[in-house]
Amino acid sequence: MNQLQGIGAAAGLSIGRAIWWRTHQPIVTDHSVQNVDQELIHFANAINQARDEIGQLRKQAAQRMGESEAAVFDAHLVFLDDPAFTGEMEQRIKTLQKNAAWVCQEVTKETKQLLSSLDDEYMRARADDVGDVGGRLLLILTGSKPFDPSQLHAGDVVVADELTPSQTAQFPEGIAGMVTARGSQTAHAAIMARTLGIPAVLGLGASIEQIHSRDTIIVNGTTGECILKPDADTIAQIEEQIKQQQDLQEKALLEAAKDAVTADGKRIQVFANIGGPQDIQPALDNKAEGVGLFRTEFLYLDNQDWPSEDEQYAAYRQVLEAFAPHPVIIRTLDIGGDKELPYAQLPKEENPFLGHRAIRYCLDHPEIFCTQLRALLRASQHGNLWIMLPMIENVAEINKTKQLLEQCKAELDRRNQTYNEDIPLGIMIEVPAAAVIADQLAKEVDFMSIGTNDLTQYTLAADRGNEKVAHLYDAAHPAVLRLIHLACDAAAKQGIPIGMCGELAGDKALTKLLIGLGLDELSMSANSIPQVKQKVRKTDYQVAKEQTEQILTTAIDGQQVRDSLTTK
């Protein structure tokens with residue numbers, strides 16, 4: 001029996017048979033080609049095949065994990081049309097008259113090195129995407145076969161040096177765990193593992209070579225611990241723990257239809273985050289009381305051009321009718337940052353997360369924004385619509401949106417199209433400035449929602465997609481919690497509800513803390529809803545409030561916050 005320590009990246013406990021996912025990229029040498037036109041055709045065919053494969057992976061990911069996780073493949077598709085990447089490959093084939101496979105290998109290596117060396121965190125994170133896309137092209141060009149996912153079966157633990165999003169998306173149902181030498185809690189593969197409910201331990205380093213295929217391995221994705229070749233007593237203990245966890249999950253699901261009310265009577269609404277129509281049924285099955293975040297980007301990412309008003313209206317109507325009469329909070333278009341649209345012709349920015357994105361882009365392109373607003377207004381008659389604006393930083397952005405909404409209503413009146421007059425308008429608190437002036441913003445809106453993913457990375461200056469600073473990215477950091485507390489106080493004083501739709505909302509280990517901060521609503525992935533509801537019912541609001549106030553004044557880091565919650 002051997003114990004290995006890594007990073008707990010996706011909570012859970014499992015026992016399985018280790019299976020190595022070995023990726024052997026072919027190494028090719030350069031040679032001159034006699035027929036350059038034929039080589040260019042060969043290269044173009046490879047790009048088309050890669051596009052088809054990535055498109056298929058995107059569909060699979062969307063069906064199993066939702067649009068948010070599937071969106072990573074949109075960046076892969078963008079690279080296939082990038083003049084600085086595949087365009088450079090094509091140019092070198094022409095000018096150097098070299099074989100496409102060697103050119104692909106060289107350009108991929110150079111581009112990865114360049115991106116990895118940049119100061120900009122966003123661009124460094126794109127190095128992994130380049131490697132994934134370039135590696136796929138190279139396999140196609142050389143006729144090499146990648147690892148066959150059909151070798152994996154339910155109950156297996158996937159072991160690898162590193163796993164890309166395209167590999168993780170191919171996992172069959174029932175995979176018991178995921179273990180890698182490299183990676184972080186914020187890696188795309190880790191996010192996918194959490195969505196799929198697969199316990200994951202990453203960052204084992206060189207010690208991973210102690211694991212051999214078909215070894216029995218215990219994966220503790222909560223503590224980051226792996227136990228290799230456990231003895232019979234250890235296996236029996238872990239199996240009992242797994243059974244207890246499964247029993248608790250089943251009990252939580254049976255009780256999920258009950259309201260989430262604290263022991264002393266405070267009502268907490270528990271909503272679902274959804275990224276497209278395929279997420280509706282899982283949310284309903286897990287007894288979501290509404291939708292706290294409906295990401296509308298899928299409508300844009302799945303299109304070759306801007307989606308029409310009618311197209312958007314149909315999608316919004318579908319989700320509103322499914323959840324009526326419960327609230328459905330639909331976030332307006334949030335592109336930019338890590339969400340690129342080829343047809344939007346977004347400029348290359350040194351810091352896209354701090355750039356021309358979300359509400360900033362929409363207000364600068366009212367023709368695009370108004371198409372969405374009109375579709376939302378028309379759909380409002382089919383359910384309980386709440387509209388939410390992303391990345392708000394000042395009052396002027398809210399007022400400009402209100403003006404556009406009035407213009408859209410006037411346009412619908414001229415068309416004799418009906419809509420609800422009184423639609424709650426809210427904002428996401430995901431920029432630190434918005435939390436600091438939440439008292440001013442709260443006067444202009446009907447509700448607010450905390451987006452902890454961006455709020456955390458902006459507050460801590462730690463890109464959540466960068467492995468080198470992953471240890472700094474912690475939504476439980478006291479600085480982040482104090483900003484959340486500021487926003488909750490502002491909402492309470494103004495008498496408007498405030499929720500949370502970031503990943504932190506689904507962390508049941510911190511549910512008591514979130515209630516103590518003063519949140520009225522928590523929105524999360526569907527599979528987290530039953531246990532969070534159960535945790536709410538076991539919490540005393542007044543006790544949680546007192547404990548949270550003490551934590552905010554004494555804790556110096558996220559670990560102390562968590563320790564305080566487990567010891568009291």
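Throughout, read-outs are computed from the coordinates displayed, never taken from laboratory work. Note that the structure is predicted; figures quoted are calculated from it, not measured. Cβ atoms come from the backbone with ideal geometry, glycine included; neighbour counts cover every protein chain shown.
An oblate overall shape is assigned to segment 336-452, the ratio a/c of its alpha-carbon gyration tensor axes (a ≥ b ≥ c) being 1.5 or greater and a/b not exceeding b/c. For the modelled label position 7 Å from the Cα of Gln345 along Cα-to-Cβ, which residues of segment 287-325 have backbone nitrogen atoms closer than 16 Å? Within reach of a label on Gln345: 305-306.
Mind putting a number on the dipole of segment 36-142 about its Cα centre? Charges go on the C-beta only, +1 for Lys and Arg and -1 for Asp and Glu, and I need it in Debye to the nearest 20.
Numbers: 12 positive and 19 negative charges, 62 e Å.
In debye, rounded to 20, segment 36-142 gives about 300.
Based on alpha-carbon centroids, what's the gap between segment 303-339 and segment 156-197 in Å, whole number please? If you average the Cα positions of each part, the centres end up 29 Å apart. Taking each residue as 0.36 nm, the span from Gln49 to Ala509 lengthens on full extension beyond its C-alpha to C-alpha distance by 161.2 nm. Here the Debye sum runs over all C-alpha atoms of segment 395-534 as equal scatterers in vacuum, and log10 of I(q)/I(0) at q = 0.22 Å⁻¹ comes out as -1.28. Measuring r between the beta carbons of Gln403 and Gln97 and using R0 = 60 Å, the FRET efficiency lands at 0.55.
Apply 1/(1 + (r/R0)^6) to the Cβ-Cβ distance of Ser150 and Leu254, taking R0 = 35 Å, and write down the FRET efficiency to the nearest 0.05.
On the way: r = 35 Å, r/R0 = 1.01.
Calculated value: 0.50.
Annotation: aspartates and glutamates with alpha-carbon distance below 15 angstrom to Lys443 (same-chain offsets under eight excluded): Glu393, Glu397, Asp489.
The alpha carbon radius of gyration of segment 257-567, expressed as a multiple of 2.2 N^0.38 Å, is 0.98.
May I ask you to give the average projected area over all directions of the convex hull of the Cα atoms of segment 168-301, in nm² rounded to one decimal? Don't skip to the answer; put the middle values down first.
Working: hull surface 44.7 nm².
Averaged projected area of segment 168-301's Cα convex hull equals 11.2 nm².
In this label model, Leu284 and Ala263 are separated by 3.6 nm, measuring between points 7 Å along each Cα→Cβ vector. Only residues of segment 7-33 count here: report those whose backbone N is under 14 Å from the spot 7 Å along Cα→Cβ of Arg182, or say none. Answer for this model: 23-25. Dipole of the chain computed with +1 at Lys/Arg Cβ and -1 at Asp/Glu Cβ about the Cα centre; of Ala71, Leu228, Ala544, farthest Cα towards the positive end is Ala544. The charge dipole of the chain, taken about its Cα centre with unit charges on the Cβ of Lys, Arg, Asp and Glu (plus for the first two, minus for the last two), comes to roughly 800 debye.
Apply the Karplus parameterisation 6.51 cos²θ - 1.76 cosθ + 1.60, with θ equal to phi minus 60°, to every residue of segment 473-479 and state each ³J(HN,Hα) to the nearest whole Hz, in sequence, with x for glycine and proline. Each residue's phi maps through the Karplus curve to give 7, 8, 5, 8, 4, x, 5 Hz. In the chain, with Lys and Arg counted as +1 and Asp and Glu as -1 at Cβ, which of these residues, His153, Ala18, Leu284, has the Cα nearest the positive end of the dipole, that is, farthest along it? Value computed over the given set: Leu284. With only Cα atoms counted, the chain has Rg and Dmax values of 24.5, 80 Å.
Sort 24-33, 557-566 by packing, meaning the average of other beta carbons within 10 Å per residue, with the highest value first.
Values: 24-33: 12.4, 557-566: 15.8.
Packing proxy ranking, top to bottom: 557-566, 24-33.
Measuring nothing but how far apart in sequence close Cα pairs (under 8 Å, 6+ apart) lie, relative to its length, the chain scores a relative contact order of 15 percent. Within the straight-line cut-off of under 28 Å between alpha carbons, the lysines reachable from Lys145 are Lys59, Lys94, Lys98, Lys109, Lys112, sequence neighbours fewer than 8 places apart in one chain being disregarded. With bins 10 Å wide beginning at 0, the percent of Cα pairs of segment 488-568 falling in each bin runs 18, 50, 31, 2. Candidates Ile450, Met500, Leu519 compared by Cα position along the dipole of segment 257-567: farthest toward the positive end lies Leu519, with charges placed on Cβ. Classify segment 36-142 from the C-alpha gyration tensor, please: rounded if a/c falls under 1.5, else prolate or oblate depending on whether a/b exceeds b/c. Verdict is oblate for segment 36-142. Remark: segment 1-74 carries a charge dipole of roughly 500 debye about the Cα centre, counting +1 on each Lys and Arg Cβ and -1 on each Asp and Glu Cβ. On the beta carbon distance between Asp364 and Glu88, with R0 = 41 Å, the FRET formula returns roughly 0.85.
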